[in-house]
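The values are calculated or read from the model by the stated rules, or taken from the named source; none is laboratory data. Model, not experiment: these values are computed from the prediction. In this analysis, Cβ positions are derived from the backbone assuming ideal geometry, glycine residues included, and neighbour counts consider all displayed protein chains. Calculation scope for accessible area: heavy atoms of the full protein, side chains included, ligands and nucleic acids excluded. Shrake-Rupley method; radii C 1.70, N 1.55, O 1.52, S 1.80 Å.
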Amino acid sequence: MLAVIHGSDLHFGRFHDPGAARAFLAALEAARPGLIVLSGDLTQRAKIREYRAARAFLERLPRVPVVLTPGNHDVPLYRVLERWLGPYRNYRRHIGPEGDAVTRIPGATVVALNSTAPWRAIVQGRIHDRQVRFAECAFGAAAGGDLRILVAHHPLATAPERETERPVPGAAGILAALDGMGVDLILGGHLHRAYTARAGAPGALVVQCGTTTSARGRGEERRANSFNLIRAGRGMLEVTRFLRGPGEAAFVPTAPERFPRAAPRAAGEASR
């Protein structure tokens, strides 16, 4: 059974909570995951000192594969010239390539898509057709039975009770394409509150993460921190949300949610 830790929205900078960061590292050591996913917003304002702090934190993570993708806070907002001419300069220098990427580990294929749009839609984000084709190619080459995970910072599906929140433009078509690829999990952040939702029936399981290490939790997670532990078996997905209240020393698990997993795809199978 594969264990995946999913954190997001670390926000190194003004709103970063060092106590939450320490608690998250301790929880990681206890969970012994096979994969760590951090779905964007490593920094608050994409400043060099924030990226240096984020890099130092990343170097303290357990020595397992780590999947990263940028968030809208990882490109400059107010430094307009830099945003236009080199929006990912600091990310590249201190974190790594910001482009779409594929990570393959035994039992899973993970596709990370950069949903930031620094020139047109910096807050809401975008996922383009070429990125959907990139994902289709990557999942088409997945090993038989692989868990198929898509990671993007901006949400592709919002919680049913949050009708005012908007997913990325064209989300319905993107979700339909991902369903055809046999994607099991869609992991995201951005909204600073956690939830799970089915993207149609059967559809991929959308798992959103709140802010793992900042003081900017929203909604029912106001001023709280969260991350997800996802355990994937052959026919089941189990999602446990870990919460940490303001000033608390540790993250505490909530009751796990269990969802059936669609029959695994054969090698090279990407569309129905």
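Table for the structure above
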read-out: Qualifying position, being under 27 Å from V4 (Cβ atoms) and open to solvent by 70 Å² or more (accessible area, probe 1.4 Å), among R104, R93, R79; value: R104
read-out: Answer residue from segment 160-180, given it is touching a residue at least 12 places away in the same chain (Cβ under 8 Å) and farther than 26 Å from R120 by Cβ and is most open to solvent (accessible area, probe 1.4 Å) among those; value: P160
read-out: Unique residue being farther than 30 Å from E221 by Cβ and not aliphatic (A, V, I, L, M) when the list is R166, R130; value: R130
read-out: Elements of type strands (runs of 3 or more DSSP E) in segment 198-263, at least 1 residues being open to solvent by less than 10 Å² (accessible area, probe 1.4 Å) and not acidic (D, E); value: 205-208, 225-232, 236-244
read-out: Selection count where residues are closer than 16 Å to A101 by Cα, open to solvent by less than 50 Å² (accessible area, probe 1.4 Å), in a loop (DSSP other than H, G, I, E, B) and not aliphatic (A, V, I, L, M), scope segment 122-153; value: 1
read-out: Subset of segment 46-64 [within 18 Å of R32 (Cα to Cα) and open to solvent by 50 Å² or more (accessible area, probe 1.4 Å)]; value: E59, R60, R63
read-out: Selected residue (only one of L68, L85, L10 is within 30 Å of V132 (Cα to Cα), touching a strand residue (DSSP E or B) at 6+ places or on another chain (Cβ under 8 Å) and open to solvent by 10 Å² or more (accessible area, probe 1.4 Å)); value: L68
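Per-residue answers, yes or no, for (1) more than 23 Å from V168 (Cβ to Cβ); (2) at pLDDT 95 or above:
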residue	(1), (2)
I186	no, yes
H192	no, yes
P202	no, no
C209	no, yes
A215	yes, yes
E257	yes, yes
